[in-house]
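The values are calculated or read from the model by the stated rules, or taken from the named source; none is laboratory data. Because the structure is a prediction, the values reported are computed rather than measured. Counting neighbours? That spans all protein chains shown, and the Cβs are built from the backbone with ideal geometry, glycine included. Side chains included, ligands, DNA and RNA excluded: accessible areas come from the protein's heavy atoms. Shrake-Rupley method; radii C 1.70, N 1.55, O 1.52, S 1.80 Å.
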Amino acid sequence: MPASAARPDDCPGARPSSDRRPRDRSSRSGEFHALVGEIQRRIRPIFGTRGKVLAFAGSGTAAMEAALANVAPPGAPVLVAASGQFGVRFGQIAQALGCAVDMLEVEWGTAPDPAVIRRRLDRRDYTALCVTHNETSTGVMADLPAIGQLTKDRPTLLLVDSVSGLAGLPVEQDRWHLDLVIGASQKAFMCPPGLGLVGVSAKAWAVIERGHGGRFFWDFRKAGAALDKMESAFTPPVSLLAGLAEACA
């Protein structure tokens, strides 16, 4: 380099790299293992769970699809309580996956009524019930503790889109009996977009482990086994994970 060429540290506004940024970007490195472990330690209280929280390269919508793909094979009956745009999206995802979808249409601006959901659950044995925690299009919150009571003693799994709820609103996955809680990095976590998050209950794991076709990258069995080793099943977005760790500190 010519002596006259400016070095990065000489450029106006240049700052030294943060010591917190992983120096070894390999997802098999000890530093990455420590990062994954730190994320689990910090993020589980935000989900209100003692179980695994899976992280994927993808949006909140990707995580919604992943959650359904792991528990609801084609033809499975799925009930979707749609109280706004993102409830409608949950239904569209289930339909795209070939599920037998029943839509419980809720007037926009109104929260799903647990009593109405109970009546629908009593009519049919659903594989999954999909609910939006905080409906971004209307600002209405679902009564998750009450809805969780409806599914805790049924085979039905409760899937919760909390993309705009997590880290901004209380979430108690274990105590409220929420089976799959879905989040993303760009809302209340205030990180760049690109991470989909899923908290998985023991009840959901029992269904996932039985397995069915229709997933590879989104296979929670692969993701869970990798997490046991503090690794990622596939190439992870390391910089986004480092940011998530800081956001959860």
Open item on the list: Considering only residues that are buried (at least 17 other Cβ atoms within 10 Å of the Cβ) and farther than 16 Å from V36 by Cα, which ones fall in the stretch 210-231?
Closed with: R215, W218, D219, F220
Open item on the list: Checking the structure you have, find out if any residue of the stretch 113-123 is buried (at least 24 other Cβ atoms within 10 Å of the Cβ), in contact with a strand residue (DSSP E or B) (Cβ under 8 Å, 6 or more places away or on another chain) and not charged (D, E, K, R).
Closed with: no
Task: Given (1) among the β-branched types (V, I, T); (2) open to solvent by 40 Å² or more (accessible area, probe 1.4 Å); (3) in contact with a Lys or Arg (Cβ under 6 Å, 6 or more places away or on another chain), index of the condition V238 fails - done: (2)
Task: Test: D153 is closer than 26 Å to D174 by Cβ, surrounded by fewer than 18 Cβ atoms within 10 Å (Cβ to Cβ) and touching a Pro at 6+ places or on another chain (Cβ under 8 Å) - done: no
Task: Residues of the stretch 198-249 satisfying the condition of being small (G, A, S) and closer than 14 Å to K52 by Cβ - done: G199, S201, A202, A204, A206, A223, G224, A225, A226, S232, A233
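Report the residue count in the stretch 111-135 for those that are within 19 Å of S162 (Cβ to Cβ) and hydroxyl-bearing (S, T, Y).
1
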Task: Those residues of the stretch 115-161 which are part of a loop (DSSP other than H, G, I, E, B), modelled with pLDDT of 95 or more, within 28 Å of C248 (Cβ to Cβ) and under 19 Å from the mean Cα position of the chain (by Cα), in sequence order - done: H133, A142, D143
Open item on the list: Against the condition more than 27 Å from G75 (Cα to Cα), of a type outside the set (S, T, Y) and open to solvent by less than 30 Å² (accessible area, probe 1.4 Å), how does V140 come out, does it pass?
Closed with: yes
